[in-house]
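*Asks:* Here it is: the structure, laid out below.
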């Protein structure tokens, strides 16, 4: 049985747990998410290799 886990769902899960534990982190998590999505949109996701 193979289990593959993408980076997106894992980051979302960690962010959700952090928001539940420390609600003040919501602003920072959303800001970082928007910055990362913006950079990926500008520079293209095909150049990023995980």
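The values are calculated or read from the model by the stated rules, or taken from the named source; none is laboratory data. Please read all numbers here as calculations on a predicted model, not as lab measurements. Cβ coordinates were reconstructed from backbone atoms using ideal geometry, including for glycine residues, and neighbour counts include every protein chain displayed.
*Asks:* Mind listing whichever residues of region 36-50 are under 18 Å from residue 12 (Cβ atoms) and either at pLDDT below 65 or not in a helix (DSSP H, G or I) (or both)?
*Replies:* Hits for region 36-50 are 45, 48, 50.
*Asks:* So, one more: Against the definition (assigned to a helix (DSSP H, G or I), in contact with a helix residue (DSSP H, G or I) (Cβ under 8 Å, 6 or more places away or on another chain) and modelled with pLDDT of 75 or more), how does residue 33 come out, yes or no?
*Replies:* yes
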